[in-house]
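Engineer: For reference, the structure I am asking about is given below.
The values are calculated or read from the model by the stated rules, or taken from the named source; none is laboratory data. Everything numeric in this text was worked out from a predicted model, so none of it was measured. Virtual Cβ from ideal backbone geometry, glycine too; neighbours counted across all protein chains shown. Keep in mind that these areas ignore ligands, DNA and RNA; they rest on the heavy atoms of the full protein, side chains included. Shrake-Rupley method; radii C 1.70, N 1.55, O 1.52, S 1.80 Å.
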Amino acid sequence: MILATTVNDVKEQVKVWRALGLSVGLVPTMGYLHEGHQSLIKRAVEENDRVVVSVFVNPIQFAPNEDLESYPRDLDADCRLCQETGAAMVFHPEPSEMYAEDFTTFVDMTGVTKELCGKSRPTHFRGVCTVVNKLFNIVTPDRAYFGQKDAQQLAVIRRMVRDLNMNLEIVGCPIIREADGLAKSSRNTYLSDEERKAALVLSKAIFAGEKLIKDGEQDGEKVLAAMREIIEAEPLARIDYVEMVKWDSIEIYHRADVPVLVAIAVYIGKTRLIDNFIAE
């Protein structure tokens with residue numbers, strides 16, 4: 001497996017693969033990889049001749065008060081997981097490789113980024129769209145793989161690809177959970193033992209809301225109220241949002257009579273965690 005640290009290294013290697021007629025998949029990550037990321041890599045390996053995994057903690061998607069400096073990192077472990085799973089390359093650039101000192105070009109979006117995480121993190125998706133656009137230009141993949149845990153991000157990337165006529169397929173992959181239901185996340189490592197137990201209110205609320213809709217409840221207000229009640233019963237939990245939106249436009253919509261995304265963001269102590277389900 002190749003460890004590339006420069007844009008030119010990636011472009012030159014992809015050029016070789018393309019000359020051989022090989023297809024290329026991309027899995028963009030911020031590293032500290034877990035089984036959720038591994039599921040994306042496995043899917044990419046099944047569907048492409050070569051797979052590039054980017055490991056880059058993207059500074060421009062973090063607000064000044066967020067966890068850029070403390071975000072967990074372990075490149076050696078990431079490379080081992082990528083190699084074991086069948087990736088052909090890990091792309092691990094320094095921020096200076098991705099952003100020149102006089103960098104001034106960004107990819108912005110309206111509408112799809114207005115609600116959910118976009119409301120509490122107003123600069124987040126500008127950073128996401130910019131770095132993902134750059135990764136698409138560098139790797140020129142046939143397909144790129146994103147997890148449903150970041151469902152709004154998946155919707156945002158799909159819209160960007162459609163709106164800008166990008167020549168690749170975006171593949172969404174299911175949420176991977178711990179045995180007790182907690183969605184896999186690199187930020188789970190921030191949790192103390194007590195907080196880890198408390199964090200189960202996220203998946204409990206998600207499963208309860210999902211069951212209500214499966215059992216025929218279409219009133220979004222009732223579904224969301226039941227979910228909030230579960231979360232609010234946990235003293236360590238503080239709700240950022242519990243919301244229902246249309247899937248994939250991310251417009252607020254409180255009837256489960258069309259495909260909807262039900263998404264939550266909850267602080268457990270100081271750690272912000274997200275979870276969701278899609279009802280179609």
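Engineer: What are the ³J(HN,Hα) values, in whole Hz, obtained from phi via the Karplus relation 6.51 cos²θ - 1.76 cosθ + 1.60 with θ = phi - 60°, for each residue of the stretch 115-127 in sequence order, with x given for Gly and Pro?
Structural biologist: Going residue by residue, I get 9, 6, 5, x, 6, 8, 10, x, 9, 4, 6, 4, x Hz, with x marking Gly and Pro.
Engineer: Compute, for the chain, the length of the dipole vector about the Cα centre, with Cβ point charges of +1 (Lys, Arg) and -1 (Asp, Glu) only. Units Debye, rounded to 20.
Structural biologist: Working: 33 positive and 43 negative charges, 73 e Å.
Its charge dipole is roughly 340 debye.
Engineer: Rank Ile213, Ala226, Ser185 by how far each Cα sits towards the positive end of the charge dipole of the stretch 185-230 (+1 on Lys, Arg Cβ; -1 on Asp, Glu Cβ) and give me just the farthest.
Structural biologist: Ser185
Engineer: To continue, here is another question. In debye, nearest 20: dipole of the stretch 123-249 around its Cα centre with unit charges on the Cβ of K, R (+) and D, E (-)? Each step should come with its number before you reach the end.
Structural biologist: Working: 19 positive and 20 negative charges, 104 e Å.
Charge dipole of the stretch 123-249: 500 debye, to the nearest 20.
Engineer: Another one. Would you mind computing, in nm to one decimal, how far apart the modelled labels at Glu280 and Glu66 are, each placed 7 Å from Cα along Cα→Cβ?
Structural biologist: The answer from the label model is 2.8 nm.
Engineer: Moving on. Which of the lysines could a cross-linker span from Lys270 if the Cα-Cα distance has to be under 17 Å and same-chain partners fewer than 8 positions apart are dropped?
Structural biologist: Lys197
Engineer: Lys/Arg Cβ at +1, Asp/Glu Cβ at -1, dipole of the stretch 89-194 taken about the Cα centre: which of Val90, Gln148, Ala100 is farthest positive-ward?
Structural biologist: It is Gln148.
Engineer: To continue, here is another question. Would you work out which of Ser120, Val258, Tyr32 lies farthest towards the positive end of the dipole of the chain, given +1 charges on the beta-carbon of Lys and Arg and -1 on that of Asp and Glu, about the Cα centre?
Structural biologist: Val258
Engineer: Efficiency by 1/(1 + (r/R0)^6): what FRET value for Lys211 and Glu251, r their Cβ-Cβ distance, R0 = 35 Å, to the nearest 0.05? It would help to have the intermediate numbers written out before the result.
Structural biologist: On the way: r = 24 Å, r/R0 = 0.70.
After rounding to 0.05, the efficiency reads 0.90.
Engineer: How much of the accessible area of the stretch 204-280, probe 1.4 Å, is carbon plus sulfur, in whole percent? Before the final figure, lay out the partial values.
Structural biologist: On the way: 1820 of 3750 Å².
Looking at the stretch 204-280 in its full context, I get 49 percent from C and S.
Engineer: Here is a further query. Taking only Cα atoms, what is the 0 to 90° angle, nearest 10, from helix 220-232's long axis to the longest principal axis of the chain?
Structural biologist: It is inclined by approximately 90 degrees.
Engineer: Can you compute 3J(HN,Hα) from phi for each residue in the stretch 86-97, using the Karplus curve 6.51 cos²θ - 1.76 cosθ + 1.60 with θ = phi - 60°, rounded to whole Hz and x for Gly and Pro?
Structural biologist: Values, residue by residue: x, 5, 8, 8, 10, 9, 10, x, 6, x, 5, 6 Hz.
Engineer: Could you give the accessible area per residue of the chain, probe 1.4 Å, as a whole number in Å²? Let's see the in-between values first.
Structural biologist: Numbers: 13340 Å² over 280 residues.
Result: 48 Å² per residue.
Engineer: How much of the accessible area of the stretch 77-138, in percent, comes from carbon and sulfur atoms when a 1.4 Å probe is used?
Structural biologist: Working: 1440 of 3040 Å².
Looking at the stretch 77-138 in its full context, I get 47 percent from C and S.
Engineer: Using a 1.4 Å probe on the protein heavy atoms only, what accessible surface does Asp102 show? Give it in Å² to the nearest 10.
Structural biologist: 120
Engineer: Turning to a different aspect of this structure: Name the lysines eligible as straight-distance cross-link partners of Lys222: C-alpha to C-alpha under 25 Å, and not fewer than 8 places from it in the same chain.
Structural biologist: Within reach: Lys114, Lys119, Lys149, Lys204, Lys211, Lys214, Lys246.
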